[in-house]
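What follows is one structure encoded as structure tokens, with my remarks underneath.
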Amino acid sequence: MISNSELILNPDGTIYHLHLLPDHISDTILTVGDPARVAQVSRHFDSIEFEGAHREFVTHVGYYKGKRLTVLSTGMGTDNIDIVMNELDALVNIDFMSRTVRPVEEQLRLRIVRLGTSGSLQPDVPIGSVLATEHAVGLDSLMQFYPLVETGLETQVGTALQATLGLPFAPYVVRGDDLLREQLGAGAVVGNTLTCPGFYGPQGRRLRLDVTPADYLERLRNFHHESGEGEFRLTNFEMETAGYYALGRLLGHQVLSLNAIVANRATGEFAADAGAIVDTMIERTLQRLA
């Protein structure tokens, strides 16, 4: 049995942070960072059967062209993704009554699609495009606490980036689900996303504080790693994708990160109407899911 302090349930039987019961989610889950963006997705649904909210976690469940979908807001950062991924998995793969993990043959594999905003690192990834993440690179510390196993290429890229940035640790690198990317990422730019543990310094933004190293953005933009699989470069950055991909691998779920490019850090531009770019990404994703 999993103890009360590890698997925390609320008095109504819901999982601790998300405040959801197993029946409250579908097998396909769309996640967004901003709680207000949940309604931006669910307004396209034909019907909504459930709405819930607790802290930054807002959930709508409904039907789009006959397909049952869940939309869930996560807030920002891989610390929140740690909560979301573990609690979503618990909802489908732990029996709350017996407080035990379900047998392997009864475990479910979720499809989780992040619909987020992102800034481009490269001048040839323009504002207005949608980018489907092939590999995610984590600059955060989340995977210091989990037994993530990386492939040879993933380890090579992490080691090379550590040397390029002069970091005291090697970033973790995880490839996302190829099938999900092919199904939902058609027409999108395919790239490698850097997940940062902050919005300002970790993404090279300078307001009143300097960033170290001073040429941080240039090092990221010019980073290249050659291997038998081709050239690896970083295309964009945000704050969640690596956490999704790593925990998805560990827990056995299919995960894809779709990124609406609303800024280009190489050119210094920001989208005049970021909401319209996000709307286009949402509508295309829903159509492909249906």
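Read the figures in this text as sums done on the coordinates, not as results from a lab. Here the structure is a predicted model, which means the values were calculated and not measured. Reconstructed Cβ throughout: ideal geometry from the backbone, glycine too, with neighbour counts over all protein chains shown.
Annotations for the structure displayed:
- Inter-residue pairs, beta-carbon under 7 Å, first without any contact (Cβ under 8 Å) to a residue 12 or more places away in the chain and in region 223-248, second of a type in the set (D, E, K, R), 6+ apart: His224/Glu231; His224/Arg233
- Region 151-197, subset of a type in the set (D, E, K, R) and outside any helix (DSSP H, G or I), residue nearest to Phe223 (Cα to Cα): Arg175
- Residues satisfying the stated conditions in region 126-143, i.e. within 16 Å of the chain's Cα centre (by Cα), of a type outside the set (Asp, Glu) and in a loop (DSSP other than H, G, I, E, B): Leu139, Ser141
- All positions within region 79-125 that are assigned to a loop (DSSP other than H, G, I, E, B) and either within 22 Å of Arg288 (Cβ to Cβ) or free of Cβ contacts under 8 Å to residues at least 60 places away in the same chain (or both): Met97, Arg102, Pro103, Leu108, Arg109, Leu110, Asp124, Val125
- Of all residues in region 1-31 being hydroxyl-bearing (Ser, Thr, Tyr) and surrounded by 15 or more Cβ atoms within 10 Å (Cβ to Cβ), the one that is nearest to Met281 (Cα to Cα): Thr31
- For first residues located in region 9-37 and among the basic types (Lys, Arg), partners that are not in a strand (DSSP E or B) and lie 6+ apart or on another chain with Cβ distances below 9 Å form the pairs Arg37/Val278; Arg37/Ile282.
- Test: residue in region 38-56 that is buried (at least 21 other Cβ atoms within 10 Å of the Cβ), within 20 Å of Leu88 (Cα to Cα) and either of a type in the set (Lys, Arg) or touching a residue at least 60 places away in the same chain (Cβ under 8 Å) (or both): yes
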